[in-house]
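Enquirer: The structure is given below, and queries will be raised subsequently.
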Amino acid sequence: MLVAGLLFFNSCNTTKYLKDDEVLLDNMEIVLQSDDKLQKTGNLKDQLAQFYKQKPNGNFLFVPREWYYYKNQDVDDTSWIKTWSRKSLGEVPTILDTNLIRKSAVDMQNYLRNKKGFYDATVNENICYCNKKALVSFFINPNNQYKINSLKYICKDSVLNSITDSISSESFLKVGDPIDALAFDLEKQRIVSTLQNSGFANFNLNNIAIKGDSTGLDHAWDIFFEILPPNEISNHTRYRVGNIEVYTDFHQFQKPNQLKTEEIFAKKYLRQSNEYIVKPSIIDKNIYLQPFDVFKSENYDKTIRKLFNLNTYRFVKIQANVNATTDTLIDYKILLTPQKNLWIFDLGTDLFFSNISRVDRNLVGLAVGTGLENRNAFGGSERYKFSLETGIEFRAETQDINTFSLGLNNSLDIPKFTTQFNILKFGNKIGIIKDKSIAKMDEEGTSRISLGFNYIDIIDNYIITSFNTSYGYDIKFNQKNRLVFSQIGFNYADYVIRINFDTILMNNPLLKRSFQTTLFTGLVFKDLSYFYQSDRGLYNSNYAFIANLETSGLEVHLANKVGNLIQANSNLWRLYNIDFEKYVKLELDGRWYKNINKDAQLAARFKTGLSVPYGSNALGESNVVSYIKQFLIGGPSSLRAWRPMQLGPGSYEFTDPNPISFFQRGDILLEFNLEYRFDLFWLMDGGVFFDGGNIWTLKNDPDRPGSKFSSSFLKEIALGYGWGIRFDFNYFLIRFDFGYKLRSPYKSSETNSHFIPLDGQGLFGNLNVAVNYPF
């Protein structure tokens with residue numbers, strides 16, 4: 001085997017294809033000298049690497065890509081496989097060009113001197129030759145980086161003198177900061193934004209000059225920001241908003257003199273249709289330009305963004321012109337072009353396959369979903385969506401149906417922060433939520449009403465039927481932070497247990513109590529989700545964080561307690577002999593991403609959750625969390641070596657000799673994943689992954705020994721690994737992941753070990769087919 005491997009890699013030697021005067025560029029590196037003078041060497045290396053005029057070829061399956069190019073370059077062989085291999089797998093070989101290497105060094109040196117404040121920096125290249133391959137090293141000696149000794153703002157426009165002090169007091173730059181062209185550019189943009197938000201609509205970057213003086217200073221500069229007038233004979237004009245015209249159904253062939261006109265909200269609304277497509281009150285709420293207000297560029301930008309967010313409109317354009325009679329006013333025409341079709345139809349399918357290590361238990365599933373969406377349901381740019389999804393899972397060998405599911409869901413998105421029953425508005429009135437925060441919610445928030453029905457039938461085990469409705473808000477504060485709050489919610493869940501599964505439940509009272517018909521309620525607070533996504537650049541580490549807090553029955557439980565206290569009894573409130581579900585559930589999900597290069601990414605996730613029941617049921621027993629609200633682990637978005645609900649809780653081993661459907665869930669979740677993703681060729685990507693985690697119960701379950709969370713939980717972590725092939729179609733990705741078990745939470749009765757050998761898991765392990773990445 002070793003000899004065969006050596007022969008293979010020897011045959012992949014690409015230098016034999018080179019001409020006598022050719023050398024292959026094999027590797028490049030940047031070596032920073034005087035690291036003690038640099039704060040972030042990694043960032044500087046990334047910045048300098050952008051000046052490479054040549055880059056080494058990559059690899060595919062540990063074979064240099066130039067080998068595929070050379071191997072398939074025969075001009076007499078035009079077969080499609082040769083052409084495809086050369087273009088898709090191969091790369092044009094990077095032949096060393098010393099002139100380009102010298103140019104790269106010069107550009108790096110100029111960048112350090114002219115952009116980063118290293119005015120004495122030197123960059124020297126060194127080329128090491130070995131067997132017709134070259135290693136290029138760029139030795140960077142930055143020397144001292146110059147600092148800001150003093151910072152002054154000089155205004156040469158008398159109109160702007162009054163606001164120069166406020167501009168300087170909020171500067172991004174501080175005395176002692178390094179000289180950095182990017183920081184200076186950001187400061188210039190800040191000044192422009194400040195003045196444009198103060199009425200000076202035509203102020204731009206060309207009206208700012210930066211000068212410096214280093215006389216008598218040691219590696220430092222006195223910096224002067226000069227704010228210049230538009231020309232030698234005039235000053236900048238401060239504008240206010242003039243007349244506003246809103247064309248509510250604009251198209252390019254429209255004749256303005258044939259349009260219907262109305263004065264509404266101090267604006268002129270024009271339409272061609274008999275009725276407004278979108279109510280003027282909705283449009284006006286999203287226009288932040290108001291007549292006679294001081295012009296602010298942020299209001300101009302916000303108006304475009306908010307109007308564009310109205311689903312009804314395809315294009316939004318604003319035309320600005322100085323008023324013909326008053327040259328300090330700017331008139332605006334807002335042109336709104338409606339969507340051609342207000343209804344959208346969508347159809348999608350999913351196909352998946354799972355195995356349970358035995359051929360006679362392989363499962364195949366098919367799901368079909370369809371959606372119908374209206375982008376202006378009630379004339380206020382409301383988006384109504386109806387979706388239907390159904391699926392079946394059947395045994396591959398016998399074609400017997402194992403699972404049937406059906407889901408019907410309706411949602412209505414309202415493009416405003418509604419005031420009806422709004423507990424957040426009430427929180428502002430009593431001082432819990434600040435005025436600034438509620439103003440942001442009112443500005444960026446939308447409202448959602450949903451109603452749904454779900455049915456799942458595990459043929460041999462149970463049927464779960466649920467109805468749900470909710471009312472809440474979606475608030476996107478900025479590109480990084482988002483809040484989704486469901487204030488009111490009701491969910492009715494009905495369980496029907498079949499004979500086979502009832503036998504299991506009879507031996508497990510705690511599990512049986514989680515299968516009781518129940519009603520989930522939230523009158524003031526149902527659930528709250530927070531989303532954070534960092535944006536630190538393409539090649540820096542980026543983070544995402546998701547938190548979800550969910551409750552049920554809190555208001556009913558408190559009212560019940562108060563009622564019993566007043567009436568001096570201990571009655572338990574129920575609705576038509578149905579218990580109110582009572583629990584608090586918290587989920588935390590942290591994610592980390594790092595682009596290794598343009599073709600590869602490292603991704604990690606850590607996820608944990610806790611679900612705590614409170615109160616008691618009609619029999620006086622302490623509550624357990626309903627089955628559908630407990631945590632599960634395994635499957636294509638979790639531990640991919642196991643099927644969903646196959647693992648846990650804890651070290652418990654379910655020993656049914658012929659399991660088709662698994663059902664294990666728990667109150668505590670701990671999960672972590674690490675994945676390396678890389679491009680292969682064409683639409684195909686690859687990945688290798690490592691997963692770990694488990695679930696546990698809060699309470700002792702005598703019928704599932706080892707299921708309770710304890711101090712030995714780390715010994716009960718399951719581990720899996722695998723590889724995947726993904727097809728990236730830009731808008732979505734189809735993922736085939738092959739998972740293999742590495743460590744089980746319990747010891748095998750055959751090997752007396754937690755670790756599971758690869759032998760016996762099959763060539764493809766546990767196959768998971770899914771759409772998009774799991775995290």
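Enquirer: Please list PHE727, PHE515 from largest to smallest accessible area, probe radius 1.4 Å, with all protein chains kept in place. Please report the intermediate quantities before stating the final value.
Expert: Working: PHE727 55, PHE515 10 Å².
Output order, biggest surface exposure first: PHE727, PHE515.
Enquirer: Which value, in debye to the nearest 20, gives the size of the charge dipole of segment 16-155 about its Cα centre, when Lys and Arg are +1 and Asp and Glu are -1 at the Cβ?
Expert: Working: 21 positive and 17 negative charges, 121 e Å.
Around 580 debye, computed over segment 16-155.
Enquirer: Between PHE421 and ALA559, what FRET efficiency follows from the Cβ-Cβ distance if R0 is 22 Å, with the result rounded to 0.05?
Expert: Working: r = 17 Å, r/R0 = 0.79.
Calculated value: 0.80.
Enquirer: Between ASN468 and PHE139, how many nm apart are label points set 7 Å from Cα along the C-beta direction?
Expert: 6.4 nm
Enquirer: How much length, in nm to one decimal, is gained on full extension between PHE654 and PHE606, taken as 0.36 nm per residue of separation minus their Cα-Cα distance?
Expert: Numbers: separation 48, 0.36 × 48 = 17.28 nm, distance 2.61 nm.
Taking PHE654 through PHE606 to full extension adds about 14.7 nm, to one decimal.
Enquirer: Out of SER616, LEU205, ASN673, whose Cα points farthest toward the positive end of the dipole of the chain (charges: +1 Lys, Arg; -1 Asp, Glu; placed on Cβ)?
Expert: So the residue we want is LEU205.
Enquirer: Compute the distance from the alpha-carbon center of segment 493-568 to that of segment 620-669, in whole Å.
Expert: 16 Å
Enquirer: Between PHE713 and LEU528, what's the calculated FRET efficiency when r is the beta-carbon distance and R0 is 30 Å? Round to 0.05. It would help to have the intermediate numbers written out before the result.
Expert: Working: r = 27 Å, r/R0 = 0.91.
Efficiency computed from Cβ-Cβ geometry: 0.65.
Enquirer: For the chain, what does the helix formula give at 222 nm: sum of -39500 (n - 2.57) over DSSP H segments with n ≥ 4, over the residue count, nearest 500 deg cm²/dmol?
Expert: Details: 14 runs with 136 residues, N = 775.
Rounded to the nearest 500, it is -5000 deg cm²/dmol.
Enquirer: A further question follows. Within the P(r) computed for segment 507-571, what percentage of the Cα pairs occupies the region above 17 Å? It would help to have the intermediate numbers written out before the result.
Expert: Working: 1437 of 2080 pairs.
The answer is 69 percent, as a whole percent.
Enquirer: Next up: Could you go through segment 600-615 in sequence order and give the Karplus-derived ³J(HN,Hα) for each residue, using 6.51 cos²θ - 1.76 cosθ + 1.60 with θ = phi - 60°, rounded to whole Hz, and x for Gly and Pro?
Expert: Calculated HN-Hα couplings, in order: 8, 9, 9, 10, 9, 9, 10, 9, 9, x, 9, 10, 10, x, 9, x Hz.
Enquirer: Can you give the charge dipole size of the chain about its Cα centre, rounded to the nearest 20 debye, using +1 on the beta carbon of Lys and Arg and -1 on the beta carbon of Asp and Glu? Before the final figure, lay out the partial values.
Expert: Numbers: 87 positive and 84 negative charges, 195 e Å.
The dipole of the chain has a size of about 940 debye.
Enquirer: Let me ask you something else. Using the beta-carbon distance between HIS251 and LEU619 and R0 = 51 Å, what value does 1/(1 + (r/R0)^6) give for FRET efficiency, to the nearest 0.05? Please list the in-between numbers first.
Expert: Details: r = 68 Å, r/R0 = 1.33.
Calculated transfer efficiency: 0.15.
Enquirer: Further, regarding this structure: Using every alpha carbon pair in the chain, what percent of pairs falls into each 10 Å bin from 0 up to the bin containing the largest distance?
Expert: Computed distribution, short to long bins: 2, 9, 15, 18, 18, 18, 13, 6, 1, 0, 0.
Enquirer: Can you find, among PRO64, TYR627, LEU173, the residue farthest towards the positive end of the dipole of the chain? Put +1 on the C-beta of Lys and Arg, -1 on that of Asp and Glu.
Expert: Of the listed residues, the answer is LEU173.
Enquirer: What is the list of residues in segment 185-219 whose amide nitrogen lies under 14 Å from a point 7 angstrom out from the Cα of SER34, following Cα to Cβ?
Expert: It comes to 219, nothing else.
Enquirer: Find the percent of Cα-Cα distances in segment 644-775 that exceed 17 Å, and round it to a whole number. Could you put the intermediate results ahead of the total?
Expert: On the way: 5541 of 8646 pairs.
Pairs farther apart than 17 Å: 64 percent.
Enquirer: Expected output is a single nm value to one decimal: the length gained when fully extending between LYS476 and THR325, i.e. 0.36 nm times separation in residues minus the C-alpha distance. What is it? If you can, show how the numbers build up before the last one.
Expert: Values: separation 151, 0.36 × 151 = 54.36 nm, distance 4.06 nm.
Separation in residues times 0.36 nm, less the Cα-Cα distance, equals 50.3 nm.
Enquirer: How would THR465, THR303, THR390 line up by accessible area, probe 1.4 Å, largest first? Intermediate values should be presented prior to the final figure.
Expert: Working: THR465 25, THR303 0, THR390 50 Å².
So, going from the largest accessible area down, we get THR390, THR465, THR303.
Enquirer: Given the alpha-carbon gyration tensor of segment 94-199, what are the semi-axes of its equivalent ellipsoid in whole angstrom, ordered largest first, with each equal to the square root of 5 times an eigenvalue? Could you put the intermediate results ahead of the total?
Expert: On the way: eigenvalues 377, 45, 17 Å².
Its equivalent ellipsoid spans semi-axes of 43, 15, 9 Å.
Enquirer: Continuing with the same structure: Need one value: the accessible area of TYR543 in square angstrom, 1.4 angstrom probe, rounded to the nearest 10.
Expert: For TYR543, the solvent-accessible surface is approximately 100 Å².
Enquirer: Here's something else I'd like to know. Can you work out the accessible area per residue across segment 473-548, with the rest of the protein chains kept in place, probe 1.4 Å, in square angstrom?
Expert: Details: 3770 Å² over 76 residues.
That works out to 50 Å² per residue.
Enquirer: If you take the charge dipole of the chain about its Cα centre, with +1 on Lys and Arg Cβ and -1 on Asp and Glu Cβ, which of PHE477, SER104, LEU647 is farthest toward its positive end?
Expert: PHE477
Enquirer: What does the accessible area of PHE467 come to, in Å² to the nearest 10, when a probe of 1.4 Å is used?
Expert: It works out to around 100 Å².
Enquirer: Over the alpha carbons of segment 74-113, what is the largest minus smallest coordinate on each principal axis, giving the biggest first in Å?
Expert: Here the spans come out as 52, 17, 8 Å, largest first.
Enquirer: Treating only the Cβ of Lys, Arg, Asp and Glu as charged (+1, +1, -1, -1), what charge dipole size does segment 507-566 show about its Cα centre? Round to the nearest 20 debye. Don't skip to the answer; put the middle values down first.
Expert: Details: 5 positive and 4 negative charges, 51 e Å.
About 240 debye.
Enquirer: Between LEU151 and residues 5 or more places away or on another chain, which pairs have amide H atoms under 5 Å apart, with H built 1.01 Å from N, and which residues are they?
Expert: HN-HN under 5 Å from LEU151: ILE223.
Enquirer: If I model a spin label at ASN309 and LYS156 as a point 7 Å from the Cα along the Cα→Cβ vector, what separation in nanometres do I get?
Expert: Result: 4.2 nm between the two label points.
Enquirer: When only the heavy atoms of the protein chains count and the probe is 1.4 Å, how do SER168, SER661 rank by accessible area, highest first?
Expert: Largest accessible area first, the list is SER168, SER661.
Enquirer: Then there is this: Provide the gained length on full extension for the span ASP599 to ILE734, in nm with one decimal, where the gain is 0.36 nm per separating residue minus the Cα-Cα distance.
Expert: Taking 0.36 nm per residue and subtracting the Cα distance, the gain is 46.8 nm.
Enquirer: Under a crude label model (7 Å from the Cα following the beta-carbon direction), how far is PHE62 from ASP460 in nanometres?
Expert: 4.2 nm
Enquirer: Might you work out the accessible area of LYS132 for me, using a 1.4 Å probe with all protein chains in place, and round it to the nearest 10 Å²?
Expert: 70 Å²
The values are calculated or read from the model by the stated rules, or taken from the named source; none is laboratory data. Computed from a predicted structure; not experimentally measured. Cβ atoms come from the backbone with ideal geometry, glycine included; neighbour counts cover every protein chain shown. The accessibility values were calculated without ligands, DNA or RNA, using every heavy atom of the protein model including side chains. Shrake-Rupley method; radii C 1.70, N 1.55, O 1.52, S 1.80 Å.
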